[in-house]
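> Let me give you the structure first, and then I'll get to my questions.
Read the figures in this text as sums done on the coordinates, not as results from a lab. These figures come from a predicted structure and were not determined experimentally. Ideal geometry is used to build each Cβ from the backbone, glycine not excepted, and the neighbour counts take in all protein chains shown.
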Amino acid sequence: MTAPDLSRLAFLLDTVEREGRHLLGTTGRLFSHRIDGTWVRNLEDEPELAERLDAFVARFGRMQDTLGEKLIPELLRQMQETPGAALDNLNRMEKLGLLESVVDWIEARNLRNRLVHEYMRDPDEFASALNRSRELVPLLSDTYNRINTYARDRLPGKASDWPPLLDTSSI
């Protein structure tokens, strides 16, 4: 029997680690300010903050997309399971203890869509969605760390085959 090809899984773990590292950095820089409706309204005069906001929204969505649409299905394949619908995959991850909460994941997905599609229409509502998104960043980081640890512990390969865990101490 030949060893499974883990190159795609390792590639996706590496991709999510990079996305997560950048998301954590942007989160720390963006949320060093109190974000409320006034802060959102003032973005018109603060292009650097507006760019930081855009980076957060993009990185939050990108990490969630890569985790949910690529990494989780690939992990399931490596576990000799057939990936299903996204909700089924998330439920399986929760059952394995690799995802803290499917409900929070769905909320994060909905927030991501609101941040992108309702961009600053209502400054107070947008600020509220941003602050809740910040609270859900650990969900993404912890899910990556749990999947990475699971793969290290249960799949063949050397520890050097896997990217590092995310340092979540700053969030």
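> Calculate, in nm to one decimal, what Arg34 and Tyr119 gain on full extension: separation in residues at 0.36 nm each, minus their alpha carbon distance.
28.8 nm is the gain from fully extending Arg34 to Tyr119.
> How many nm separate the modelled label positions at Asp54 and Lys70, each set 7 Å beyond the Cα in the direction of the Cβ?
Simple spin-label model gives 2.2 nm for this pair.
> Can you tell me the orientation of helix 123-154 relative to the chain, as the angle in degrees between its alpha-carbon axis and the longest Cα principal axis, to the nearest 10?
For 123-154 against the chain, the angle is about 20 degrees.
> OK, next. Could you grab the relative contact order for the chain? Cα pairs under 8 Å, six or more apart, rounded to a whole percent.
Numbers: 162 pairs, mean separation 58.2, N = 171.
Reported relative contact order: 34 percent.
> With Cβ to Cβ distances under 14 Å as the rule, what net charge do the other residues near Asp122 carry (K, R +1; D, E -1)?
Details: positive: Arg41, Arg114, Arg121; negative: Asp36, Glu118, Asp124, Glu125.
Summing Lys/Arg as +1 and Asp/Glu as -1 gives -1.
> Which ordering of His22, His33, His117 is given by a fewest-first count of other beta-carbon atoms within 10 Å?
His117, His33, His22
> Shape verdict for the stretch 7-155, please, from the Cα gyration tensor: rounded (a/c under 1.5), prolate (a/b greater than b/c) or oblate.
prolate
> Taking a virtual spin label 7 Å from the Cα of Gln80 along the C-beta vector, which residues in the stretch 4-46 bring their backbone nitrogen under 20 Å of it?
Backbone N within reach: 4-10.
> Relative to the longest principal Cα axis of the chain, at what angle does helix 7-30 sit, 0 to 90 degrees, rounded to 10?
Helix 7-30 and the main axis of the chain meet at about 20 degrees.
> In a shell of Cβ-Cβ distance under 11 Å around Arg109, excluding Arg109 itself, what net charge do Lys and Arg (+1) and Asp and Glu (-1) give? Mind dumping the intermediate values first?
On the way: positive: Arg112, Arg114; negative: Asp65, Glu69, Asp104, Glu107.
Computed value for this residue: -2.
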